[in-house]
Amino acid sequence: MSTTTERRRSGGRTGADWRRSSSAYLFILPCVAVFSVFLAYPLVRNAYVSFFEWNGLTEATKFVGFDNFVWLFTSEAVLQTSMNTLVFGVITIALQMGGGFVLAVSLAGTGRLRSALRTVYFIPVVLTPVVVGFLFSKILEPNDGDLRNVLDAVGLGALNHSWLADPNTALVTVSFVNVWLWVGFSMSVYQSALTTLPKELVEAARIDGTNSLQLVRHVVLPFLRPTHWALLTLSIIGTLKTFDIVYVLTKGGPSGSTELPTTLLFRAGFDEYRQGRAAAIGTILFLVALVLTIVQLRIAKRAEAKQ
Amino acid sequence: MKTPTKRIMTITAAASVALLTLAGCAGSPEDADGTVTITYESWTPSQEVMDSIVAAFEKENPDINVEAKLLPYADYVTAIKTELASGTGPDVFDLQAGGMLGEFQSLLEPLDSLAAAELGDDWKGTYKTDALDQASIDDVAYGLPHGFQSAGFLWVNETLLEQNGLEIPTTYEELVEASETLRAAGVVPLAIGAKDDWMDIDVFSAMSNGIAPGEQYAAMDGSGKWTTDGLVDSFDAFAALFTDGVAQDGAAGATTYTDTYDLYADGKAAFFANGSWNQDMFVSAADRIGGFTSSVTPMPVPDGTAPVIAGIGGLLAVNKDSDKKEAAFKLASFMSSGEGQQILIDGNLDFAVTAEDVTPAVEVSENAQAVRTQLTSLLNDELAGYREVPNAAVKSALGQALLKLAAGTITGEEAAAEVQAAADDAS
């Protein structure tokens, strides 16, 4: 008769093992259930719908194969949307990560003033993007908005412009609003990472005679490398998902100058009742995010291994 | 003997099955005390007005309870699509005419037999022909219309014009001249929320019917094309509003609610593009606009003025899968041609959909009454046709083309070609 040990050594499973793993499965069941229902199923269903022409109301019965994807990759909108995403992404990610880092470093440490300022910078993060959109629409309104009134009052009226109505300035304007919205988040992530910076490291560098700028460049920045990667991943995914703020500010206009995949998706699905096309956009967006994330994780792992 | 784990799993499975079975049991149409509860969903009217309607309806029909759910428009469309697709839709709900009605048609109960049973065989005579047409497809009514509204004309701040020695323009050339004078005086000439595709479509539709009468309707019903010379001229004329100094700076980035609404209400704009529903300014923004005299005037086009377009605010449809259709129809009928219509009109100052006119019973200022008279005569004498574009994809393409014209990035000819391509694609 084989003993437990013998059975385990030959790679078999004992009754106890099964009891232990079945209770383990029970423990993860709620999480797996939520994941399957709210994440996996919608993804699969979305991919399925993208092969149909469907108005979102009646049963999806008209199979059209890859037509929706062909439309996506050959439509004029695709080139402009991709370029917009790139520009929007680069500006947003660079400025909110860079700005967040600068704020975190400048406001590091204790003290009521620093604490208060950090809170103030974080407030935009908890505001609803739709509300922020309305707010900035009012501020940037070229005839009677707050920005115009302020510029006029200080004699800089010549700088007035229809920021959101000019196809040449709309995208950059929307990007700046997005930076305003998220810089507090980066600041907060960098700030908590900074609290783990060993004091001895800083002291040693000071003793060696480094000034503050060199300290930041040669000690702080490299130390925060994992944080950079984490924020970069989140920012890229966040950029691909951005919808509310752009939709409220410009609806993707003027003339498609702020059109992002998400605004295109919304219009196809809800204004044109073409859920199949919307699903195709959604599927491609998901795949792009997936690929970018995998690539980033690989690079990050390799960089860490080098260290 | 089953192990503890297996017993837990078995009980869980059994409980889940029991719960699902219970959940699957449909409630019976009648509640315990014999009353019927029906559900209503829409983006309109306001909660206050809806409460009055429900109270009045339940008084008239003590055996029917109404549960009303109101949501902002975009959220409402998402909610109603999801609910109808999953079989949990409300008994009676609101739809816009045109593309939306077309998309939802297969989910709606055709109303002719319900209406004949409830209102008599000549029930169609109760309604204005235009109003009922917009709620019908191929002469079959799929909803009961509510709230007739006109659009495509301009609101005028007469006080501002007077102060600058100007008369109401009756041609486009006069409008351009007036705009120059107004700009010099620091006044916004025409406040137009050109970021709203529906606003652009309203203004363009009126203009096209002034420049090339009937051609847009022909293009929309498939008997004509968008690329006619007349319509290309109309697209160019629309674009000219933004380059001739007529529309306010940054119009392409302005929304009607509330960028341009605010400009007009605060007395900063001489002209304002909005529809007859804007009469509610006399109720909700009375103190803001009380300082100046408002009137309405047809949209100036080259060599003359344009007519107006008009459409129903919505149509009340009965869910094809409802098991309380008679009760649902009663509510729809109450709101469309019964006492509910009066309550709605008192709240939003719309025009009646019934052949017999119904006027607001609320007290409004003299200015409001004068404007209503002007609007009524525009509706009676200068109506070009319906308002909502019949096909959702074509409407989207038209809106996008007009947005680009407002931003100045395409020509009238390119706009026409874009819309025609969408029309070809959709047919």
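For segment B:192-208, the condition holds for at least one residue, the condition being that it is within 25 Å of B:D249 (Cα to Cα), in contact (Cβ under 8 Å) with a residue 24 or more places away in the chain and surrounded by fewer than 20 Cβ atoms within 10 Å (Cβ to Cβ). Within the option set B:V389, B:V358, B:V419, being of a type outside the set (D, E, K, R) and more than 14 Å from chain A (Cβ to nearest Cβ) holds for one residue only, B:V358.
When B:G314, B:G347 are checked against the criterion of being of a type outside the set (S, T, N, Q), under 22 Å from B:A384 (Cα atoms) and within 20 Å of the chain's Cα centre (by Cα), a single residue qualifies: B:G314. On the stretch given as segment B:360-384, residues that are surrounded by fewer than 18 Cβ atoms within 10 Å (Cβ to Cβ), over 30 Å from B:A218 (Cα atoms) and touching a strand residue (DSSP E or B) at 6+ places or on another chain (Cβ under 9 Å) total 2. In this structure, B:T376 does not satisfy being among the hydroxyl-bearing types (S, T, Y), within 30 Å of A:S162 (Cα to Cα) and in contact (Cβ under 8 Å) with a residue 24 or more places away in the chain.
Mind telling me which of the residues B:Q369, B:Q400, B:Q374 ends up being of a type in the set (S, T, N, Q) and within 14 Å of chain A (Cβ to nearest Cβ)?
Going through B:Q369, B:Q400, B:Q374 in turn, just one is of a type in the set (S, T, N, Q) and within 14 Å of chain A (Cβ to nearest Cβ): B:Q400.
Within segment B:246-267, the residues that satisfy the criterion of being touching a helix residue (DSSP H, G or I) at 6+ places or on another chain (Cβ under 8 Å), within 13 Å of chain A (Cβ to nearest Cβ) and assigned to a loop (DSSP other than H, G, I, E, B) are B:Q248, B:A254, B:T255, B:D266, B:G267. Residues that are aliphatic (A, V, I, L, M) and out of contact with any helix residue (DSSP H, G or I) (no Cβ under 9 Å at 6 or more places or on another chain) do not occur anywhere in segment A:56-68.
In this structure, is A:K199 within 30 Å of B:K395 (Cβ to Cβ) and among the charged types (D, E, K, R)? The answer is no for A:K199.
The single residue among B:V371, B:V364 that is in a helix (DSSP H, G or I) and in contact with a helix residue (DSSP H, G or I) (Cβ under 8 Å, 6 or more places away or on another chain) turns out to be B:V371. Any residue in segment A:85-98 that is more than 28 Å from A:I281 (Cα to Cα) and not β-branched (V, I, T)? Yes, the conditions are met somewhere in segment A:85-98. Among helices (runs of 4 or more DSSP H) entirely within segment A:82-172, having at least 2 residues that are within 14 Å of chain B (Cβ to nearest Cβ) singles out A:129-140, A:146-153.
Scanning segment B:268-281 for residues that are hydrophobic (A, V, I, L, M, F, W, C) and touching a residue at least 40 places away in the same chain (Cβ under 8 Å), we see that the one that is nearest to the other protein chains (Cβ to nearest Cβ) is B:A269.
Checking each residue in segment B:248-259 for being closer than 20 Å to A:G252 by Cβ and touching a residue at least 60 places away in the same chain (Cβ under 8 Å) picks out B:A251, B:A252, B:A254, B:T255, B:T256, B:Y257, B:D259.
For (1) surrounded by fewer than 23 Cβ atoms within 10 Å (Cβ to Cβ); (2) touching a strand residue (DSSP E or B) at 6+ places or on another chain (Cβ under 6 Å), each residue gets a yes or a no:
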residue: B:S150; (1), (2): no, yes
residue: B:L154; (1), (2): no, yes
residue: B:I168; (1), (2): yes, yes
residue: B:E177; (1), (2): yes, no
residue: B:T181; (1), (2): yes, no
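Suppose we filter segment A:252-277 for residues that are within 20 Å of the chain's Cα centre (by Cα) and either buried (at least 21 other Cβ atoms within 10 Å of the Cβ) or more than 10 Å from every other protein chain (Cβ to nearest Cβ) (or both); how many remain? Matching residues across segment A:252-277 total 9.
Inside segment A:49-80, can you point out the residues that are buried (at least 19 other Cβ atoms within 10 Å of the Cβ) and over 16 Å from A:E272 (Cβ atoms)? Within segment A:49-80, just A:F51 meets the criteria.
Do we find a residue being within 19 Å of the chain's Cα centre (by Cα) and crowded, with 18+ Cβ neighbours inside 10 Å anywhere in segment B:232-254? No: segment B:232-254 contains no residue that is within 19 Å of the chain's Cα centre (by Cα) and crowded, with 18+ Cβ neighbours inside 10 Å.
Evaluation of B:T82 against the conditions (1) of a type in the set (V, I, T); (2) over 21 Å from the mean Cα position of the chain (by Cα); (3) more than 12 Å from chain A (Cβ to nearest Cβ) shows that the sole unmet condition is (3). Residues that are over 22 Å from B:A392 (Cβ atoms) and touching a residue at least 12 places away in the same chain (Cβ under 8 Å) within segment A:49-80 comprise A:G65, A:F66, A:Q80, listed in sequence order. Look at (1) among the β-branched types (V, I, T); (2) surrounded by 18 or more Cβ atoms within 10 Å (Cβ to Cβ); (3) within 19 Å of the chain's Cα centre (by Cα); (4) away from every other protein chain (no Cβ under 14 Å) and you find that B:T129 fails only one, number (2).
Laboratory data are not the source of any read-out in this text; all were calculated from the coordinates shown. Being a predicted model, the structure only gives us computed values, none of them experimental. So basically every Cβ, Gly included, is an ideal-geometry build from the backbone, and we count neighbours across all protein chains shown.
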